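Enquirer: First, the structure itself, so that you have it in front of you.
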Amino acid sequence: MTATSRVEFAPLGDVDLYVDLYRRMRLIRGFEDLVQSLFLRGEIYGTTHLYSGQEAVAVGFASVLGEQDRVAATYRGHGHALALGVDPQKLLDEMLGRATGINGGLAGSMNVTSPQDRLIGCFGIVGGSIAAATGAGLALRATGGVAVAYFGDGAMNQGYFFECLNFCQVQKLPVVLVCENNGYGEYTAFEAVTAGPIRARAEVMEVPAETIDGMSVWTVRDAAARAAGHARSGNGPYFVEAITYRFVGHSRSDPGKYRPDGELDRWRERDPLVLLRARLEQEGVEGERLEDLEASVEDQLAEYEERGIAAPFPEPQAFSEFKG
Amino acid sequence: MPKLSDSMEEATILHWLKASGESFAKGEPLLEVETDKATVVYEAETDGVLTSVLVPEGGTAELGEAIATFDATGSAAAPALAAAPTAQANGTGGIDFRTAIRDALDEALAADERVVFFGEDVAVAGGVFAATPGLYEKYGPTRVFDTPISELALAGAAFGSAVTGLRPVVEVMFGDFLGLVMDSVVNQMSKYWFLTQGEVSVPVVIRSVVGGGGRFGAIHSQMPVAWFTGVPGIKIVAPSTPRDAKALLRASIEDDNPVLFFEHKRLYTLSGEVDDEALPLGEAAVVRPGGDVTIVSAMRGVHESLAAADMLTASGIDAEVVDLRTIRPLDAATILTSLEKTNRLVVVEEGPLTGGWAGEVLALATEQGLGDLDDAWRIATPDTPIPYSPPLEDAHLPGAERIASEIAARLGSR
């Protein structure tokens, strides 16, 4: 039990829903652990950026989105994809470079797209997701749909952020901008390279903005509902800064040595999975139910791994340059 | 007849580059004459108007003999954005280039509700080049609107809306500003169809005004084509006439791929007939048949090449001119067929020599047409920024005289 679990909360309401969100978060964590393990075994290539520690953000936001909504994610996007319901087998196969991957092995970790799952894509350029969601907002304006952009604190200093937020506000586009502030832009602490509070940058454009605890999925879900509701009602964009932490380095080559001693341990006490599990038990969910769920996710992941490794690589082929 | 060489006593007029009644600016070429030493292009010493020609083409005049009468005007006779010479001469019928652009947009907006058009100053003001007046009034602010001066946002919004069901056309005011949209174009638009395995395409058209000759200096006069020719998945369209501009803009908007649509700023006032005939992207046109040399060019360069071809007739050289119209993908067949006939290839590119698309055309010719090739070279701009001062800028750009004289020198008189 962590210190946090002693805090009194209002009831979660739909406990079964939160059990399902816990399952999704567990899947993301397990998936990232598997990716890391496969990477170290040489089965996954290039680089990967893991979402471990930030699961509550993607899962909380995805829980309020409907069929007509769209999401633009970052290169730390496995969690965003899984939260939207992208088939974990296809996502893993993509990492493995297999023909059965969600993009046939053409994309790899950083460039996953899955329009059928409402995922416009994962954007390998910092801030690119904001631009994509801005355009999606333009297309969704007439439909009642909302576009969500995920981006890190590093993107707060990109031109895309300022230009697109202003564009969204003057056009009153239904866009929710979610800054996942995990404290570091790649290897550099965000305070070292970011002037002033993040949220103020939205407020100065009169965009409603809030800073939330990104480790607590119920807090994220509530903020997501407010944000999506605002955007969906034709009021323009909404900005959320979710304070979170990645439990791993920036990418596979980063051991995270720049973190002060003890910082990771302190954040691990606020692990979003630990917080939600404790909360669910507080609400009377039996430990056995959660253990069964965890075991079933583990079994699933083992199957994904086995099938993924067995799947064929794509045959080299000539691709068309243009849609004919 | 002015004294053009120390030993000359008389000279033959090969070509009048101005007709009676036409005005000219100081430094503009007036006529091409052949002396005992060389073929020379004679340039106006002041601004003025050619009131009458006394010695016609082919005629000979002695030193000091009157060959024409002029009125000096003392003010700039030609506007900075003067139209191309060939089509301007009889530009009575048809519409001008900028109206062709507007009409194509108008028709596309009317034909398909998914088409939207946005950019800086394009809606209420009708465009800083006055290319898009009336569209905002006709289609309303959700389909035609002004954006902030935010190229990253507007290009990003074009990408995002295109993959979510719209067919956006955006204007990036000057091609020089395309540096700001590189990420959207190169990293997002050009790759999405590939990454989605053909599931979702990116029907975006980026219109942009390009090219030199407008006295806009180094950073509002560039030809950014070559910045993008190495990017698979992007089509590059570069029309030279109102007819092609209208048809090709319609085709670009109907195309499912991202298209860069370049409008040369010195073509906007060019008049010409338009029709409703559709033109596909990726097809070049032989705009002047000839047997001795193939000149391949695009946009303004086509008109310079046509003017050069006219000049070359005096030297007995019959030039074929190919208007590429689309620079990516290149129409290899039309180029190679022409080369088969003429055996000589000159590629005229307004844009820096090094790394330009002209080199790509030569590579194509050598790889696939080496057996037909007797001579091939490029005429492009120097590898320097574009200077501002009119005589410097004029000398920088590949004009008709340079094209004609290089070809005449290299081929010799026929």
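The values are calculated or read from the model by the stated rules, or taken from the named source; none is laboratory data. Predicted, not measured: the structure shown is a model, and the values here were computed from it. Every residue, glycine as well, gets a Cβ built from its backbone with ideal geometry; the counts of neighbours run over all protein chains shown.
Enquirer: Among residues belonging to segment A:136-155 that are more than 8 Å from chain B (Cβ to nearest Cβ) and part of a loop (DSSP other than H, G, I, E, B), point out the one that is nearest to B:LEU166 (Cα to Cα).
Expert: A:THR143
Enquirer: If we keep just the residues of segment B:256-301 that are β-branched (Val, Ile, Thr) and outside any loop (DSSP other than H, G, I, E, B), which is farthest from B:ILE335 (Cα to Cα)?
Expert: Top of the filtered list is B:VAL259.
Enquirer: Give me the residue from segment B:92-101 that is surrounded by fewer than 22 Cβ atoms within 10 Å (Cβ to Cβ) and of a type outside the set (Gly, Ala, Ser) and, out of that set, nearest to B:GLY127 (Cα to Cα). Break it down into steps so the answer makes sense when it comes.
Expert: If we filter segment B:92-101 for residues that are surrounded by fewer than 22 Cβ atoms within 10 Å (Cβ to Cβ), which is where we start, we get B:92-96, B:99.
Checking the rest, the ones that are also of a type outside the set (Gly, Ala, Ser) come to B:92, B:95-96, B:99.
Values: B:THR92: 25, B:ILE95: 18, B:ASP96: 16, B:THR99: 12 Å.
Step by step, filter segment B:92-101, then rank; the result is B:THR99.
For every residue, the table says whether it meets (1) over 30 Å from A:LYS172 (Cβ atoms); (2) assigned to a helix (DSSP H, G or I); (3) modelled with pLDDT of 95 or more; (4) of a type in the set (Val, Ile, Thr).
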| residue | (1), (2), (3), (4) |
| --- | --- |
| A:ASN235 | no, no, yes, no |
| A:LEU276 | yes, yes, yes, no |
| A:LEU280 | yes, yes, yes, no |
| A:TYR304 | yes, yes, yes, no |
| A:LYS323 | yes, no, yes, no |
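Enquirer: Could I ask something else about it? Given (1) at pLDDT below 70; (2) part of a loop (DSSP other than H, G, I, E, B), where does B:GLU65 come up short, assuming only one miss?
Expert: (1)
Enquirer: Restricting the search to segment A:74-92, which residues are under 17 Å from A:GLU306 (Cβ atoms) and either more than 13 Å from every other protein chain (Cβ to nearest Cβ) or polar (S, T, N, Q) (or both)? Explain how you work it out, then say what you get.
Expert: From segment A:74-92, those under 17 Å from A:GLU306 (Cβ atoms) are A:87-92; that's our starting set.
Matches in segment A:74-92: A:ASP87, A:PRO88, A:GLN89, A:LEU91, A:LEU92.
Enquirer: Select the helices (runs of 4 or more DSSP H) contained entirely in segment A:158-203, then report the ones holding at least 3 residues which are in contact with a Gly (Cβ under 9 Å, 6 or more places away or on another chain).
Expert: A:159-171, A:190-193
Enquirer: Test of understanding: among B:ALA380, B:ALA358, B:ALA408, which residue is surrounded by 15 or more Cβ atoms within 10 Å (Cβ to Cβ), more than 19 Å from the chain's Cα centre (by Cα) and either in a helix (DSSP H, G or I) or of a type outside the set (Val, Ile, Thr) (or both)?
Expert: So the residue among B:ALA380, B:ALA358, B:ALA408 that is surrounded by 15 or more Cβ atoms within 10 Å (Cβ to Cβ), more than 19 Å from the chain's Cα centre (by Cα) and either in a helix (DSSP H, G or I) or of a type outside the set (Val, Ile, Thr) (or both) is B:ALA408.
Enquirer: Another question, if that's okay. Between B:PHE194, B:PHE228, B:PHE174, B:PHE159, which is away from chain A (no Cβ under 14 Å) and either touching a residue at least 24 places away in the same chain (Cβ under 8 Å) or in contact with a helix residue (DSSP H, G or I) (Cβ under 9 Å, 6 or more places away or on another chain) (or both)? If you could, list the steps in order and put the result at the bottom.
Expert: Numbers: B:PHE194 fails: away from chain A (no Cβ under 14 Å); B:PHE228 fails: away from chain A (no Cβ under 14 Å); B:PHE159 fails: away from chain A (no Cβ under 14 Å).
Just one listed residue meets the conditions, B:PHE174.
Each row is one residue, and each column tells you yes or no for (1) modelled with pLDDT under 95; (2) in contact with a Ser or Thr (Cβ under 7 Å, 6 or more places away or on another chain); (3) more than 23 Å from A:ARG268 (Cβ to Cβ); (4) buried (at least 24 other Cβ atoms within 10 Å of the Cβ).
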site: A:MET1; (1), (2), (3), (4): yes, no, no, no
site: A:ASP14; (1), (2), (3), (4): yes, no, yes, no
site: A:TYR18; (1), (2), (3), (4): no, no, no, no
site: A:ARG41; (1), (2), (3), (4): no, no, yes, no
site: A:THR74; (1), (2), (3), (4): no, yes, no, yes
site: A:LEU82; (1), (2), (3), (4): no, no, no, yes
site: A:VAL86; (1), (2), (3), (4): no, yes, yes, no
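Enquirer: Still on this structure, please answer the following. With the requirement that a residue be part of a loop (DSSP other than H, G, I, E, B) and more than 17 Å from the chain's Cα centre (by Cα), what does segment B:202-230 give you? Break it down into steps so the answer makes sense when it comes.
Expert: Kept after step one, since they are part of a loop (DSSP other than H, G, I, E, B), are these residues of segment B:202-230: B:202-204, B:211-224, B:229-230.
Hits for segment B:202-230 are B:VAL202, B:PRO203, B:VAL204, B:GLY217, B:ALA218, B:ILE219, B:GLY230.
Enquirer: Quick one: B:GLY233 ticks every box in (1) away from chain A (no Cβ under 14 Å); (2) over 23 Å from B:LEU135 (Cβ atoms); (3) surrounded by fewer than 24 Cβ atoms within 10 Å (Cβ to Cβ) except a single one, so which number is it?
Expert: Going through the list (1) away from chain A (no Cβ under 14 Å); (2) over 23 Å from B:LEU135 (Cβ atoms); (3) surrounded by fewer than 24 Cβ atoms within 10 Å (Cβ to Cβ), B:GLY233 breaks only (1).
Enquirer: Sticking with this structure for a sec: Among the residues of segment A:103-135, write down those that are at the interface with another protein chain (Cβ under 9 Å from one of its Cβ atoms) and assigned to a loop (DSSP other than H, G, I, E, B).
Expert: If the condition is that a residue be at the interface with another protein chain (Cβ under 9 Å from one of its Cβ atoms) and assigned to a loop (DSSP other than H, G, I, E, B), then A:ASN103, A:GLY104, A:LEU106, A:ALA107, A:VAL112, A:THR113, A:GLY124, A:ILE125, A:GLY127 are the ones that fit.
Enquirer: Next up: Quick check on B:THR142: is it touching a Leu at 6+ places or on another chain (Cβ under 6 Å) and at the interface with another protein chain (Cβ under 10 Å from one of its Cβ atoms)?
Expert: no
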